[in-house]
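Structure first, commentary second.
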Amino acid sequence: MVLRLALIGGMLLLSGCDPVGVRHVPLTYLPSLAGDYFPLRSKAMGSTYHIYVRYPEGYAAHPDARYPIVYLLDGDSAFPLIAPEHLFLTYDDDLPEAIIVGIAYGSFQPPVNHREIDFGDRAADFQRFLADELLPMVEQRTRADPTKRILVGQSFGANFVLYSAFTRPDLFWAGIASNPSARMHPQLLAGEPAAARRSDLHLVLVSGTANNAEGRKAALNWARRWHQRTRPWAFAEIDIPGGTHAADLTNAYRAALRTLFGQNVPETRPEP
């Protein structure tokens, strides 16, 4: 089944050329990234997303197994970073294998890439796209455990992770927000999150100590506030020493996954 899907994905990626005539290269020759690919035209957003799925090692050999599923915002860059990283985490940190899903635009340039719109002004619409379109399709095509959904975002994407945790906390079992921007959803994040039906939810805020000053200050202020309030999720705050805004996503992911699956407990910063 996996081989057939991989071949289909390879054929899709080889089925044409991009506008400048460069032939696509199939990911089937990169085993840490191989799995599935499909474009998804969103009714909620009116645009097309490119969905990449990396299957766990041994997926075909264990047909009855179900796996945690990780959804990566900004999949254009996050998917080729995090998919192989997760494989290494199963080797070195004894973390469980997972299905990794990258939600990509196909470009870093607007208007094709409209991340600031998706994660900002149209966050409610983007959330509907995830809940009503993407998650059902991916989880029908894979052996995902929907009780162990994880949403991962960096910068503006991290703000959407926080938006999701505040507005619809039950949608994901855990959210990992790496270096959120101070510019998105400040009023929402200063308020109270919505109630949740589940009692096992998690939110992990990861902050690089060398992140830009504005973002770092906002993250520390949010964390201080959330530690003092009743929340629908268990909240963990993690520092990455020397971590910068974008380059430490794999370190943030590793630290957060180790926390979520009980491999380490984040340090508690003393109250000022």
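Observations on the model:
- Just one of the listed residues (41, 128) is under 19 Å from residue 160 (Cβ atoms), over 14 Å from the mean Cα position of the chain (by Cα) and charged (D, E, K, R), and it is 128.
- From the list 117, 82, the lone residue that is within 21 Å of residue 163 (Cα to Cα), of a type outside the set (Asp, Glu) and either open to solvent by 80 Å² or more (accessible area, probe 1.4 Å) or modelled with pLDDT of 95 or more (or both) is 117.
- Condition met for residue 161 (at pLDDT 95 or above, among the β-branched types (Val, Ile, Thr) and either surrounded by fewer than 24 Cβ atoms within 10 Å (Cβ to Cβ) or assigned to a helix (DSSP H, G or I) (or both)): yes
- The residues listed here are 102, 75; of these, the one that is at pLDDT 95 or above, open to solvent by less than 70 Å² (accessible area, probe 1.4 Å), in contact with a helix residue (DSSP H, G or I) (Cβ under 6 Å, 6 or more places away or on another chain) and closer than 21 Å to residue 178 by Cβ is 102.
- Apart from one condition, residue 218 fits all of (1) open to solvent by 20 Å² or more (accessible area, probe 1.4 Å); (2) of a type in the set (A, V, I, L, M); (3) more than 20 Å from the chain's Cα centre (by Cα); the exception is (1).
Residue-wise test of (1) modelled with pLDDT under 95; (2) of a type in the set (D, E, K, R); (3) more than 16 Å from the chain's Cα centre (by Cα); (4) open to solvent by 30 Å² or more (accessible area, probe 1.4 Å).
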| residue | (1), (2), (3), (4) |
| --- | --- |
| 53 | no, no, no, no |
| 60 | yes, no, yes, yes |
| 67 | no, no, no, no |
| 87 | no, no, no, no |
| 95 | no, no, yes, no |
| 123 | no, no, no, no |
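- Complete set of residues in the stretch 105-114 that are under 20 Å from residue 181 (Cα atoms), touching a residue at least 24 places away in the same chain (Cβ under 8 Å) and either among the hydroxyl-bearing types (Ser, Thr, Tyr) or exposed (fewer than 12 other Cβ atoms within 10 Å of the Cβ) (or both): 108
- Reported count of residues in the stretch 164-185, each being modelled with pLDDT under 95 and over 16 Å from residue 118 (Cα atoms), is 1.
- Note on the stretch 165-180: residues that are touching a helix residue (DSSP H, G or I) at 6+ places or on another chain (Cβ under 7 Å) and either acidic (Asp, Glu) or buried (at least 24 other Cβ atoms within 10 Å of the Cβ) (or both) amount to 8.
- One residue from 239, 200, 170 being acidic (Asp, Glu) and assigned to a loop (DSSP other than H, G, I, E, B): 200
The values are calculated or read from the model by the stated rules, or taken from the named source; none is laboratory data. Values in this document were obtained by computation on a predicted structure and should not be read as measured data. For neighbour counting, all protein chains shown are included, and Cβ atoms are generated from backbone atoms with ideal geometry for every residue, glycine included. In case anyone asks, the SASA skips ligands and DNA or RNA and just uses the protein heavy atoms, side chains included. Shrake-Rupley method; radii C 1.70, N 1.55, O 1.52, S 1.80 Å.
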